[in-house]
Amino acid sequence: MVVQSIAVKNPTGLHAHPAALFIQAASKFKSDITIAKGDREVDARSILGILTLIAKQGDVITLKATGEDAQEAVATLTDLISRPLDEI
């Protein structure tokens, strides 16, 4: 298992559009991936799950991945979360 904690950098947090970008990236990996904030942990491929975390800018989230590409998945998703996501 690969685990990484990271602060959300996006000014508007992980609302619908940034969450969708996150899910697109997570869906490219075979590993089981979760994202957690506090004691709540959800599937990283679930838009509803991610939205229920109500992750705001500065909140610390934890990514966990298990599987053949877990290291790459966590590295890619950490990079995504650690920078502001482009708002369209």
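The values are calculated or read from the model by the stated rules, or taken from the named source; none is laboratory data. What you see is a predicted model, and the numbers here were worked out from it, not measured in a lab. FYI the Cβ positions are ideal-geometry reconstructions off the backbone, even for glycines, and counts take in every protein chain you see.
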Residue, farthest from Lys9 (Cα to Cα), within the stretch 33-77, restricted to residues that are polar (S, T, N, Q) and modelled with pLDDT of 95 or more: Thr66
Hits in the stretch 37-53 (condition: among the aliphatic types (A, V, I, L, M) and surrounded by 18 or more Cβ atoms within 10 Å (Cβ to Cβ)): Ala44, Ile50, Leu53
Evaluation of Gln57 against (1) of a type in the set (S, T, N, Q); (2) free of Cβ contacts under 8 Å to residues at least 24 places away in the same chain; (3) in contact with a strand residue (DSSP E or B) (Cβ under 9 Å, 6 or more places away or on another chain) (one fails), failing number: (2)
So Ile47, is it closer than 23 Å to Glu68 by Cβ and aliphatic (A, V, I, L, M): no
In the stretch 54-70, the residues that are exposed (fewer than 13 other Cβ atoms within 10 Å of the Cβ) and either among the hydroxyl-bearing types (Ser, Thr, Tyr) or within 18 Å of Asp32 (Cβ to Cβ) (or both): Glu68
Residue that is surrounded by the most Cβ atoms within 10 Å (Cβ to Cβ), among those in the stretch 15-36 that are in contact with a strand residue (DSSP E or B) (Cβ under 8 Å, 6 or more places away or on another chain) and of a type in the set (A, V, I, L, M): Ile35
Qualifying residue in the stretch 34-43 (condition: over 20 Å from Ala70 (Cα atoms) and not small (Gly, Ala, Ser)): yes
Test: residue in the stretch 45-55 that is among the charged types (D, E, K, R) and in contact with a helix residue (DSSP H, G or I) (Cβ under 8 Å, 6 or more places away or on another chain): yes
Hey, Ile33 β-branched (Val, Ile, Thr) and closer than 14 Å to Ala55 by Cβ or not: no
